[in-house]
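The values are calculated or read from the model by the stated rules, or taken from the named source; none is laboratory data. Note that the coordinates shown come from a computational prediction; the quantities given were computed from them, not determined experimentally. Virtual Cβ from ideal backbone geometry, glycine too; neighbours counted across all protein chains shown.
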Amino acid sequence: MPEVRLEGLGKRYGNLTAVNNVHLTVHDGEYVTVLGPSGCGKTTLIRMIAGIIEPTEGKVYIDGRDMAGVPIEDRDIGYVFQNIALFPHLTVKDNVSYGPRARALPPEEQLRVSRRFLELVRLLDRMGMFPDELCGGEQQKAALARALASGSRLLLLDEPLSALDSRVRVDLRYELRRLAKELGLTTIHVTHDQEEAQSVSDRIVLMRAGAIVETGTPEELYARPKHIFTANFIGETNLLEGWVVEIRDGISVIELRNGGKVEVHQTDHSVGDAVVISVRPEFMYPADEGMRAVVRGITYMGTYWRVKAETEDDEEVDFDMATLDGNLLTIGKDVYLAVNPKAAVLYPRPEDGVEEAIRLE
């Protein structure tokens, strides 16, 4: 399977920098998701890999070959667009067999290939239908089968699920990963949906303002993100500002702005440092002492309760509870909140402030 390597890749439109100095390697057979907010440059990046857009600077290598000047049809890629791009006048079978037909395969081979990939996406019984006779999820499955039938070893997915209903998106994202792994494809999947990225990826590449913020497995970016932007963008978190007042036995004691104190199992800061604590709602809980807050809202989320509270300095925090039985939290009730010290992450307080550090654009 091909390896994709980007070296100093960039794209400018006049004074606007869409992608800036991207270095990235996607390994053979790896499923990598490029994640980020709208306008961060992720679609421009994948289109430069495909050859739809020419880079302003840098290089794209596919299987060790420099792609400079190589048109999209000669890059040996399968590309699935955000907007479902099927030929409306062709049946599903003829759409899927378009690639084999363009490669001048014999008619019986064209049929064999189209049937194989329609069976893989579970659309064999729809092969005689036209695109407008399919639902949205089936149309995107047909588009995926067409990309796979091209014989490409590199699959590029550009927001392939964003136009679909939520239930269909959930089902189809697992189909995408299943097919990519079953066929041993190298896959680059662009999305703005963090849940989608976490559920299908071997590795996530998080972008912001045209540049890569950080890369890592879904578990790494959720549990131990290196950047405060990552902590805020992937999943939900509480960002609490304070100062390191004590370090002992592998623990940092943080005094928060509201006067409460919390402990964190991280000691790469010094006493007196201004810091920000990232703690997920599932790792904050009521206790006998800690950060004082007032309950402002309680929402049933199906498998847990999400409680919104407000600290003494008007800072909003969220925490989760598996059950309210025996705790009887009510709106307006005072609570003390503690933090799981092993699950919290410390960051230096950004010079430009937290709001600027987590801003999407």
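How many residues does region 1-51 hold that are touching a residue at least 24 places away in the same chain (Cβ under 8 Å) and not in a strand (DSSP E or B)? Total satisfying the criteria: 23. Being more than 30 Å from GLY58 (Cα to Cα) and in contact with an Asp or Glu (Cβ under 7 Å, 6 or more places away or on another chain) is not true of PRO106. Here LEU337, LEU346 are screened, and the one residue that is among the aliphatic types (A, V, I, L, M), more than 18 Å from ASN232 (Cα to Cα), part of a strand (DSSP E or B) and at pLDDT 90 or above is LEU337. Here region 293-307 is the region considered, the condition is being crowded, with 16+ Cβ neighbours inside 10 Å and in contact (Cβ under 8 Å) with a residue 40 or more places away in the chain, and the residue that is farthest from VAL339 (Cα to Cα) is VAL295. Hey, does region 105-128 have a residue that's of a type in the set (Val, Ile, Thr) and at pLDDT 85 or above? Among the residues of region 105-128, at least one is of a type in the set (Val, Ile, Thr) and at pLDDT 85 or above, which makes the answer yes. The conditions of being within 25 Å of VAL200 (Cα to Cα) and not hydrophobic (A, V, I, L, M, F, W, C) are not met by GLU7.
Could you run through region 159-179 and say how many residues are under 24 Å from ILE72 (Cα atoms) and surrounded by fewer than 22 Cβ atoms within 10 Å (Cβ to Cβ)?
The first filter runs over region 159-179 and keeps only residues under 24 Å from ILE72 (Cα atoms), leaving 159-162, 176-177, 179.
Among the residues that remain, those that are also surrounded by fewer than 22 Cβ atoms within 10 Å (Cβ to Cβ) are: 159, 162, 177, 179.
Number of matching residues: 4.
Of the numbered criteria (1) on the phi > 0 side of the Ramachandran plot; (2) touching a helix residue (DSSP H, G or I) at 6+ places or on another chain (Cβ under 9 Å), the one SER278 fails is (1).
State all residues of region 194-243 that are more than 13 Å from the chain's Cα centre (by Cα) and in a strand (DSSP E or B); if no residue qualifies, say none. Selection gives ALA211, ASN238, LEU239, LEU240, GLU241, GLY242, TRP243.
Residues VAL335, VAL354: which one is surrounded by 10 or more Cβ atoms within 10 Å (Cβ to Cβ) and either small (Gly, Ala, Ser) or touching a helix residue (DSSP H, G or I) at 6+ places or on another chain (Cβ under 8 Å) (or both)? Don't jump to the end; show me each part of the working.
On the way: VAL335 fails: either small (Gly, Ala, Ser) or touching a helix residue (DSSP H, G or I) at 6+ places or on another chain (Cβ under 8 Å) (or both).
From the options VAL335, VAL354, the qualifying one is VAL354.
Step by step: first the residues of region 183-217, then only those that are of a type in the set (Ser, Thr, Tyr) and either without any contact (Cβ under 8 Å) to a residue 24 or more places away in the chain or touching an Asp or Glu at 6+ places or on another chain (Cβ under 7 Å) (or both), then the one that is surrounded by the fewest Cβ atoms within 10 Å (Cβ to Cβ). Which residue is that?
THR217
Go over the candidates VAL34, VAL22 one by one and state the one that is within 19 Å of LEU176 (Cα to Cα) and either at pLDDT 95 or above or assigned by TED's automatic domain parsing to the domain that holds ILE212 (or both). Lay out the reasoning, then the answer.
On the way: VAL22 fails: within 19 Å of LEU176 (Cα to Cα).
VAL34 is the lone residue from the list that is within 19 Å of LEU176 (Cα to Cα) and either at pLDDT 95 or above or assigned by TED's automatic domain parsing to the domain that holds ILE212 (or both).
For region 317-357, which positions are over 27 Å from ASP268 (Cα atoms), acidic (Asp, Glu) and over 24 Å from the mean Cα position of the chain (by Cα)? Correct list: ASP325, ASP334.
If the condition is being assigned to a loop (DSSP other than H, G, I, E, B) and surrounded by fewer than 21 Cβ atoms within 10 Å (Cβ to Cβ), then region 244-265 contributes ASP249, GLY250, ARG257, ASN258, GLY259, HIS265. Checking each residue in region 138-184 for being farther than 22 Å from GLY36 by Cα and hydroxyl-bearing (Ser, Thr, Tyr) picks out SER150, SER152.
Contact map, region 67-86: first residue assigned by TED's automatic domain parsing to the domain that holds ILE52 and under 15 Å from LEU156 (Cβ atoms), second residue of a type in the set (A, V, I, L, M) and assigned to a loop (DSSP other than H, G, I, E, B), Cβ cut-off under 7 Å, separation 6 or more or different chains; pairs are ILE72/ILE52; ARG75/MET67; GLN82/ALA163; ASN83/ALA163.
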